[in-house]
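Everything below concerns the one structure shown next.
The values are calculated or read from the model by the stated rules, or taken from the named source; none is laboratory data. Note that the structure is predicted; figures quoted are calculated from it, not measured. Here Cβ is always computed from backbone atoms with ideal geometry, including for glycine, and neighbour counts include all displayed protein chains. Just the protein is used for accessible areas: all its heavy atoms, side chains included, with ligands, DNA and RNA removed. Shrake-Rupley method; radii C 1.70, N 1.55, O 1.52, S 1.80 Å.
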Amino acid sequence: MRFKFPLMAIGLEVAMIVLFGVFVQYENVQNSGQPSNTSSPAVMNSFFRLYPLFQHVNVMIFVGFGFLMTFLKKYGFSSVGFNFFIAALGLQWGTIIQGLLNDHGEKFHISIHSLISADFSTTTVLVSFGAVLGKISPIQVLIMTILEIAVFNGNEYLFAEIFQATDIGGSMVIHAFGAYFGLAVAGILYRSNQIWEHHNKQSDIHSDLFAMIGTLFLWIFWPSFNSTLAVPEEKQNRAIINTYFSLAACVLTSYAFSSLVERRGKLSMAHIQNATLAGGVAVGTCADMEINPYGSMIIGSIAGIVSVIGFKFLTPFFATTLRIQDTCGVHNLHGLPGIVGGLASIVVIAMGASDVFNSKVTHLGTAT
Amino acid sequence: MRFKFPLMAIGLEVAMIVLFGVFVQYENVQNSGQPSNTSSPAVMNSFFRLYPLFQHVNVMIFVGFGFLMTFLKKYGFSSVGFNFFIAALGLQWGTIIQGLLNDHGEKFHISIHSLISADFSTTTVLVSFGAVLGKISPIQVLIMTILEIAVFNGNEYLFAEIFQATDIGGSMVIHAFGAYFGLAVAGILYRSNQIWEHHNKQSDIHSDLFAMIGTLFLWIFWPSFNSTLAVPEEKQNRAIINTYFSLAACVLTSYAFSSLVERRGKLSMAHIQNATLAGGVAVGTCADMEINPYGSMIIGSIAGIVSVIGFKFLTPFFATTLRIQDTCGVHNLHGLPGIVGGLASIVVIAMGASDVFNSKVTHLGTAT
Amino acid sequence: MRFKFPLMAIGLEVAMIVLFGVFVQYENVQNSGQPSNTSSPAVMNSFFRLYPLFQHVNVMIFVGFGFLMTFLKKYGFSSVGFNFFIAALGLQWGTIIQGLLNDHGEKFHISIHSLISADFSTTTVLVSFGAVLGKISPIQVLIMTILEIAVFNGNEYLFAEIFQATDIGGSMVIHAFGAYFGLAVAGILYRSNQIWEHHNKQSDIHSDLFAMIGTLFLWIFWPSFNSTLAVPEEKQNRAIINTYFSLAACVLTSYAFSSLVERRGKLSMAHIQNATLAGGVAVGTCADMEINPYGSMIIGSIAGIVSVIGFKFLTPFFATTLRIQDTCGVHNLHGLPGIVGGLASIVVIAMGASDVFNSKVTHLGTAT
């Protein structure tokens, strides 16, 4: 037992090195999959245009998700520490799984898109981790990371390749998927309610400020997250603008509803830390569609309201009646807003605002 | 009273959505205001070249200003929380006001420049908020945001369109304006001096470290703030370099003067957190002019000294004699250095180092 | 004594302004050192392509190194405060020394490469500072900064110009150099072991979380650090990918070995904060070579292991037997991994994976 975690971690890293040695190579002119008359600069331009956005996503993953979960005084260091570990493992494993799926077991190359897609695989695990923080052991974290990334990539492949569906910001395939996967695991790891409640209440002014570091970096860079795989550039531009205004609107409604539902009109720190981000999740699916800024502001406003209501009424219900303890409330930040995003995209497509049928469907793994 | 804040916030968000629905559209080839033979890639190139700088400015606004004000133990969460709310409201309202002013009430489009200009509108309110932190209610915050952004945009329009003046980094139109607006509000909200003093003294090692997060991100990204609207690229390049070296020089003089004016040569944390940034404010107006790196270092050095002296001697004088309590010392970080910036630009133009008369005057709202 | 520090700081800033006035000018078409038919846009394109990477490096220097050292409760503010001061002085002084060396005493211009190289000069001092934190006075900090940057630049010049060696990420010339320079100074500043031990033990949950801010930003942006001076773009691309996967592998092995060497399989916070970064240091020298992702993962894995072992066994040995107190364990983060990097590059070149002999040798100061 004492050596189980280190030996498993070392074994996994050795496996990763072997898999990378067998399957992974650099992208260059010869293997970039572009017509042979394409010059190297084209590949490189795309790399360096997207590199800052890729780094925004990395800040979200390592700093954003890591610190968002520090609000619990007792689990401050665990949350950042495990988040770091999951992300480092997930980005390696995600690269492998995705490459194998998309290139059908042949050698594949590392492009800026494969780096970003691996980050997205990792995100699902980090979302789920928020539901089980404080109840999961290091070895369970390791197993969850490996399993969930495999399931996510299979699901995402089906979604994009077989159903030809599109979900540029991953409202459903990343956020809702990660939330419900996490809730399922939380249900399995259920612990006596008293202990949970006791730990859960312990936040203080400093742990709340640490959590705000996570919130703010997630908020700021969410437009990059939702747009980074959108092509062509006009869609990418639109995804940035839509996400930005959806998030801004979401802040106002989540503050307003927090004050409405809390005693004496006080603002709840949990709402400020989490519900303000729901607009980024919810606008994900239709971020690159022509929904106009006001359309994304409507989506963001609704997401903020739904998220606050979830925190206030659903999370306690889950904990007591369903025996599912959602430590960080991921159902309210990723689950419900992800569903809002899915519904919004149905409305948008029904209204004909999407040019989805004119454009080649791309998904996380194959965008170029 | 209990429902005043949430209802006002919801009402404002609904108003924003309606205004965006009526007036705002995406930028694209047809409406970008460029000659019709300009291809879409030109608009997009400018968007993606400036997007990383726009995100630097967002980090300054949400993380930088938010955490800079956490040094007061008691108001740590209020400062970050209200900062977040002001910024989210301000960027929507700023977009509307600016578009209406510049396009004379017609439909206008969202470009990277309009996003950045809206951030600048917001900055003025965040500067003012620093003067009234701990004395202002949520509803007053809301009203101040709406009013100040309207006044700022009117003022900025006058400044650039009527007087044909230029202030690329906003030393005067953003920083000095925000500081004196905030001081005026602080004068109105004056509270008994004992209470103020009592609260003001309470900072601790952790709250000081949180504040340094704000300071450092503001310091790092200030070159992006001062350069992001400069055209052509050669001026933008110059604005980055000038701001960078002005800030570096300012750190040395503010440390030196802090040690000179404090007891037993100790460094004051307030000076390190604030005065080190004065170089970014002061170099703003002439950042894009040919003042040479040594010129900007002189401006930064002076700003650091003026700012420390302001903290040591002016802030206590304001609080006791003028009955204006400047909670975060914004007069020393934004007010005085903004004036230094205005004076510096007069000297620079008198010496002929500016090519202001050869170039089309651009201002925050119309740069393309 | 009372005025020594402020007067020295002011004197240095005046000297910097004079030196900048005499030697430094903007880069533009006429003086960019490129063939005269090169148009201005080429210089500017390179500037704006690298500007986001330059800012990543600045985040590492000011936030990353600054907060990495906050883990000691007692020295939290000193570490961030002095780090800030050293960096602001170092980037000015580094610019001067480098320009004088490379342009043999003639006027030189500020390019994006000179800005980045000056950051690298500064990095060596920040590495050394980690070894002497808590034992050094402000005046000694000032002297160390001036001396070490001069020695570093002389050393780097010899390394690149005379020996025609290449070290793109600075494993040896920056990290190992900074670590051993710092250890030498720490040996000179040795204090009685009891006091050291007493201070050293005092970290708490909050100071550990502050340190993680440093760790995570260093980790995220290390690929930019190692790649920013690599030319052509294909090498830069490779340096980013190699560094990224080396760091990811390093996280797994350092967690695993931390759990192996600590009591009852617990993870050590010092290891998580530091050893996880060793992969970035160690892959530096061969980051731009064709070592393949699996090659960089092997280097990163070894670096993580070596670093943890250093923390566990070498640091106590240094403190007791050699009377060198390495406050932040820089020997384990920068010294040993730097040596691993040097050895790795010998292996790589022996195996013929480097195209070092086909390409013009560039070094920190002359890359264009």
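Do you know which residues across the range B:262-286 are assigned to a helix (DSSP H, G or I) and either farther than 12 Å from B:L247 by Cα or open to solvent by 20 Å² or more (accessible area, probe 1.4 Å) (or both)?
B:R263, B:R264, B:G265, B:M269, B:A270, B:H271, B:I272, B:Q273
Name the one entry in B:G99, B:G130, B:G105, B:G154 that is small (G, A, S) and on the phi > 0 side of the Ramachandran plot.
B:G105
Check C:M289, C:M297 and return the single one that is in contact (Cβ under 8 Å) with a residue 40 or more places away in the chain, part of a loop (DSSP other than H, G, I, E, B) and within 14 Å of chain A (Cβ to nearest Cβ).
C:M289
Among the residues of the range C:126-145 satisfying the criterion of being buried (at least 18 other Cβ atoms within 10 Å of the Cβ), within 14 Å of chain B (Cβ to nearest Cβ) and of a type outside the set (S, T, N, Q), which is farthest from C:Q98 (Cα to Cα)?
Looking at the filtered set, the residue picked out is C:P138.
Between a residue in the range A:239-267 that is at the interface with another protein chain (Cβ under 7 Å from one of its Cβ atoms) and any residue that is charged (D, E, K, R) and assigned to a helix (DSSP H, G or I), which pairs come within a Cβ distance under 8 Å, given they are 6 or more apart or on different chains?
A:A249/B:E13; A:L252/B:E13; A:T253/B:E13; A:A256/B:E13
I'm checking my understanding of the structure. Among residues of the range A:106-125 that are assigned to a helix (DSSP H, G or I) and polar (S, T, N, Q), which one is most open to solvent (accessible area, probe 1.4 Å)?
A:S114
Scanning the range C:101-119 for residues that are touching a helix residue (DSSP H, G or I) at 6+ places or on another chain (Cβ under 6 Å) and within 15 Å of C:G154 (Cα to Cα), which turns out nearest to the other protein chains (Cβ to nearest Cβ)?
C:A118
Hey, could you check the range C:44-100 for residues that are of a type in the set (A, V, I, L, M) and facing chain B (nearest Cβ under 7 Å) and say which is nearest to B:Q273 (Cα to Cα)?
Result: C:V80.
For residues that are small (G, A, S) and within 16 Å of the chain's Cα centre (by Cα), scanning just the range A:240-289, find the one that is nearest to A:I205 (Cα to Cα).
The extreme case among them is A:A275.
So, in the range B:216-237, how many residues would count as being in a helix (DSSP H, G or I), modelled with pLDDT under 95 and open to solvent by 10 Å² or more (accessible area, probe 1.4 Å)?
Within the range B:216-237, residues that are in a helix (DSSP H, G or I), modelled with pLDDT under 95 and open to solvent by 10 Å² or more (accessible area, probe 1.4 Å) number 3.
Within the range C:316-336, can you find the residues that are open to solvent by 30 Å² or more (accessible area, probe 1.4 Å) and among the hydroxyl-bearing types (S, T, Y)?
Within the range C:316-336, C:T320, C:T321 qualify.
All but one of (1) under 19 Å from A:Y26 (Cβ atoms); (2) more than 8 Å from chain A (Cβ to nearest Cβ) hold for C:I305, so report the exception by its number.
C:I305 satisfies all of (1) under 19 Å from A:Y26 (Cβ atoms); (2) more than 8 Å from chain A (Cβ to nearest Cβ) except (1).
Write out, first by first residue and then by second, each pair whose Cβ atoms fall under 6 Å of each other, whose residues are 6+ apart or on separate chains, and whose first residue, in the range A:322-342, is more than 15 Å from A:T276 (Cα to Cα) while the second is of a type outside the set (G, A, S) and in a helix (DSSP H, G or I).
Partner pairs satisfying both residue conditions: A:I324/A:L183; A:I324/A:F318; A:Q325/A:W196; A:D326/A:T315; A:D326/A:F318; A:G342/A:M172.
Are there any pairs, at least 6 apart or on different chains, whose C-beta atoms fall under 8 Å, with the first in the range B:143-158 and without any contact (Cβ under 8 Å) to a residue 24 or more places away in the chain and the second open to solvent by 40 Å² or more (accessible area, probe 1.4 Å) and in a helix (DSSP H, G or I), and if so, which?
none
Keeping to the range A:152-201, report how many residues are modelled with pLDDT of 75 or more, farther than 30 Å from A:D103 by Cα and outside any helix (DSSP H, G or I).
2
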